[in-house]
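Undergrad: I'd like to ask some things about the structure below.
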Amino acid sequence: MSNFQFSIVGRKLMQTIILGACFLGICCLPPEALGVDRREIRGITKQGSQSISEDRFREIFKEYLCRRLEKEKSDIMVSRFKVIGNKPVPAGKINFQLFQKDKRRLEGYVRLVAIVSVNRVVKNKVKLSGWVDVFESVVCTRRDLKKGEIIGKDDAYLARKNISHLPSNIFTDMGRVVGLMVKHNLNKDTCLKAWMLRESPIVDKGDMVIILAESGNLKVTVPGRVLESGCLGEPIRVRNAMSKKEIYAKVVNSSTVAVDF
């Protein structure tokens, strides 16, 4: 081989070595030097999976409460919310199915289980919990009421309250309390509950009534005196004004009571 040929071969070899060194040097540089964001690299490694945010679980938690309690979102407040067991799931369409952890009221401390499906295939089970406050308009007394008073439309008003701390027998409809009798003395601004009220009597002790007995086409009536106050449909003691006997009869209206014949 001539000196000229050797020179050409050596030059090519040297070029190859230099190019290889440059390539290795570039490949050993950190991603930032190559203009690549490390988050993009992590994204590539996680390609094909997706994460569900806590905010999304909070949203479906509240939607479940609204649907079951038949409330608007503005009526429900969720605090101390926790998500346990959340993890990435495969790419695809996500669906949730929520179940109540126990049979308690959906107020106060509430626990739910979210079944997470991707493309209709179950992929995860997540535990959700939080403190739930429910707000609703309830009936309150406008003034002090004494035992035996009949509630009129001006004796009560509606006020928005957190019913999570109130019993389930609270009144929320004004129409249901007007005309009822107060069983105990009540202070102003008291939230009315079922045990506080009773149907107002339509006959009072001492009233004269007709005692009615019917059987088929046969009807017998005699005068009688009421021995205790009574509401519509309630059995009360009455005295037959003719025989002077005491019997029980059901209140039919303000002037009539009925007995079984």
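Undergrad: Being closer than 28 Å to residue 94 by Cα, surrounded by 16 or more Cβ atoms within 10 Å (Cβ to Cβ) and among the hydrophobic types (A, V, I, L, M, F, W, C) is the filter here; which residues of segment 114-140 pass it?
TA: 114, 116, 118, 126, 128, 132
Undergrad: Do we find a residue being small (Gly, Ala, Ser), farther than 20 Å from residue 145 by Cβ, in contact with a strand residue (DSSP E or B) (Cβ under 8 Å, 6 or more places away or on another chain) and touching a residue at least 12 places away in the same chain (Cβ under 8 Å) anywhere in segment 194-203?
TA: no
Undergrad: State whether one or more residues within segment 65-79 are farther than 19 Å from residue 138 by Cα, out of contact with any Pro (no Cβ under 8 Å at 6 or more places or on another chain) and either among the small types (Gly, Ala, Ser) or not in a helix (DSSP H, G or I) (or both).
TA: Yes, because at least one residue in segment 65-79 is farther than 19 Å from residue 138 by Cα, out of contact with any Pro (no Cβ under 8 Å at 6 or more places or on another chain) and either among the small types (Gly, Ala, Ser) or not in a helix (DSSP H, G or I) (or both).
Undergrad: With modelled with pLDDT of 95 or more and either of a type outside the set (Val, Ile, Thr) or within 30 Å of residue 161 (Cβ to Cβ) (or both) as the only criterion, which of 104, 39, 67, 58 stands out?
TA: Selected residue: 58, the only one of 104, 39, 67, 58 that is modelled with pLDDT of 95 or more and either of a type outside the set (Val, Ile, Thr) or within 30 Å of residue 161 (Cβ to Cβ) (or both).
Undergrad: For segment 152-191, name all the residues that are touching a residue at least 40 places away in the same chain (Cβ under 8 Å), over 24 Å from residue 77 (Cβ atoms) and among the aliphatic types (A, V, I, L, M).
TA: 186
Undergrad: Which residues, taken from segment 237-261, are surrounded by 13 or more Cβ atoms within 10 Å (Cβ to Cβ), within 13 Å of residue 204 (Cα to Cα) and out of contact with any Cys (no Cβ under 8 Å at 6 or more places or on another chain)?
TA: Of everything in segment 237-261, those that are surrounded by 13 or more Cβ atoms within 10 Å (Cβ to Cβ), within 13 Å of residue 204 (Cα to Cα) and out of contact with any Cys (no Cβ under 8 Å at 6 or more places or on another chain) turn out to be 237, 238, 256, 257.
Undergrad: Continuing with this model, one more query. In segment 97-111, how many are out of contact with any Phe, Trp or Tyr (no Cβ under 6 Å at 6 or more places or on another chain), in a strand (DSSP E or B) and surrounded by 17 or more Cβ atoms within 10 Å (Cβ to Cβ)?
TA: 1
Undergrad: What residue, of 154, 144, 133, is under 12 Å from the mean Cα position of the chain (by Cα) and closer than 30 Å to residue 187 by Cα?
TA: Within the list 154, 144, 133, the selection yields 133.
Undergrad: Somewhere in segment 224-236, is a residue under 10 Å from residue 210 (Cβ atoms) and surrounded by 13 or more Cβ atoms within 10 Å (Cβ to Cβ)?
TA: Within segment 224-236 (the criterion being under 10 Å from residue 210 (Cβ atoms) and surrounded by 13 or more Cβ atoms within 10 Å (Cβ to Cβ)), the answer is yes, since at least one residue qualifies.
Undergrad: So, of the residues in segment 199-222 that are acidic (Asp, Glu) and part of a strand (DSSP E or B), which turns out to be nearest to residue 178 (Cα to Cα)?
TA: Across segment 199-222, the extreme among qualifying residues is 199.
Undergrad: So, one more: So which residues in segment 229-259 are under 42 Å from the mean Cα position of the chain (by Cα) and among the acidic types (Asp, Glu)?
TA: Across segment 229-259, the qualifying residue is only 234.
The values are calculated or read from the model by the stated rules, or taken from the named source; none is laboratory data. Keep in mind it's a predicted model, so treat the numbers as computed, not measured. A quick note on method: Cβ atoms are made from the backbone with ideal geometry, for glycine too, and the neighbour counts reach across all protein chains shown.
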